Amino acid sequence: MGRHSTVLFFLIILAPVVAHGDTQTTPLADGLDYSGWFRLRYDGVDEKGVGHRDLGRFAGRFGIAARPADTIRLVFGLATGGDNPTSRNQSFGNGLSTKDIGLEYAYVDWSPSDKLHVYGGKMKNPLFRAGGAPLVWDSDVTPEGVAMSYASGALFANLGAFFIEQRASGTDSMAGAVQAGAVIPLADETRLRFGAGYLAYTHTAGQLAFYNGRPLGNSVDSGLRYLYDYRDIEGFAQLDTKLSDWPLAVYLQWVRNTAVDAEDTGYAFGAKIGSAHDEGDMEFSWTYMNIGADAVVGTFDDSDFGGGGTDHSGHMIKAKYVYSRNIAFAASGFVNRVNRFTGTEHDYYRIQLDLEFKFE
């Protein structure tokens, strides 16, 4: 099936679903909050030297939160994607095989005061990402361990201690993270958030690359063992304001691995305008990223940009339109240069067309 016929096929099968309109939900049980999300995707990739691929994909999640006490929330979520830390996608095909589903998160959120949250378990990422840019963390990553978020007045701080790899023999790999910064009002409906952070992995050099031994751009030896450690310092800033009646965010993030002397830096900057919350809303964003091969751990940054991992540069363009309370259309485009240091540099193009359903 060619590229145009694949896109046409998806439009034909999705059209009657969209025309059906809003879906209805029913409370699950007293004392429980629940939400869910399902996405159908056409994913087209053009990569020089590899060729063109047309992929049909789906992804979904379902989450429940209980509040046994005023200061405690227990949160659980299931999602497609199996054990992949950076993607919930499942590709159609493979002989109509059954698809994977797994525990996406399971954690406690304890708030002893309105300024402090303490998390424990496999959690939604508590660390701030300027503009949501996936320079260090893909949006689907759910860290495992303990964390804390604190905000008082203009100041905020995030701390985390995460289990990365526990080994039957040898030393375990952990990650410690700290962020601190401030939120400064500049004018009506305008504020600046800025700060700095530090992220360090233990026992990385000499160990197999995380998750299935795939280095994803990081420097490794012939046995796929990391050559270097990863101790990242970061700086970030985000300006939130309004352009006419449109919310506008302009953002910047910079990161450097202090444990290496080359290919040690990454940065991202961009802008987002609009919001995609209510019926008729539209949202558009553009981000430019440049990620050195050993700037960050490739296992955990964006899984779509350049095909995933580090050693890439280029643009991400996204748009979203909320058709109704429960249905939205989205599109993403990637224009990247990949394998600039660890392989033969070449072009990478990708387009994603999504139909999203949600309930809560």
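The values are calculated or read from the model by the stated rules, or taken from the named source; none is laboratory data. Owing to the predicted nature of the structure, the values given are computational and were not obtained by experimental measurement. Reconstructed Cβ throughout: ideal geometry from the backbone, glycine too, with neighbour counts over all protein chains shown.
Some values worked out for this structure:
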item: Top-ranked residue in region 114-155 [being small (Gly, Ala, Ser) and assigned to a loop (DSSP other than H, G, I, E, B); ranked as farthest from Phe269 (Cα to Cα)]; result: Gly153
item: Check on Asp100, free of Cβ contacts under 8 Å to residues at least 24 places away in the same chain, under 20 Å from Ala69 (Cβ atoms) and of a type in the set (D, E, K, R); result: no
item: Residue that is of a type in the set (Gly, Ala, Ser) and either modelled with pLDDT under 95 or farther than 24 Å from Glu144 by Cα (or both), where the choices are Ala175, Ala180, Ala187, Ala205; result: Ala187
item: Enumerated strands (runs of 3 or more DSSP E) restricted to region 1-113, each holding at least 1 residues that are exposed (fewer than 11 other Cβ atoms within 10 Å of the Cβ) and at pLDDT below 95; result: 51-69
item: Residue match in region 156-163 (condition: of a type outside the set (D, E, K, R), farther than 30 Å from Leu40 by Cβ, assigned to a loop (DSSP other than H, G, I, E, B) and modelled with pLDDT of 95 or more); result: no
item: Filtered residue count, region 201-238, keeping only those that are buried (at least 17 other Cβ atoms within 10 Å of the Cβ), among the polar types (S, T, N, Q) and assigned to a loop (DSSP other than H, G, I, E, B); result: 4
item: Some residue of region 168-175 being crowded, with 18+ Cβ neighbours inside 10 Å and either touching an Asp or Glu at 6+ places or on another chain (Cβ under 7 Å) or in a strand (DSSP E or B) (or both); result: yes
item: Residue that is farthest from Gly309 (Cα to Cα), among those in region 250-273 that are surrounded by fewer than 18 Cβ atoms within 10 Å (Cβ to Cβ) and of a type outside the set (D, E, K, R); result: Ile273
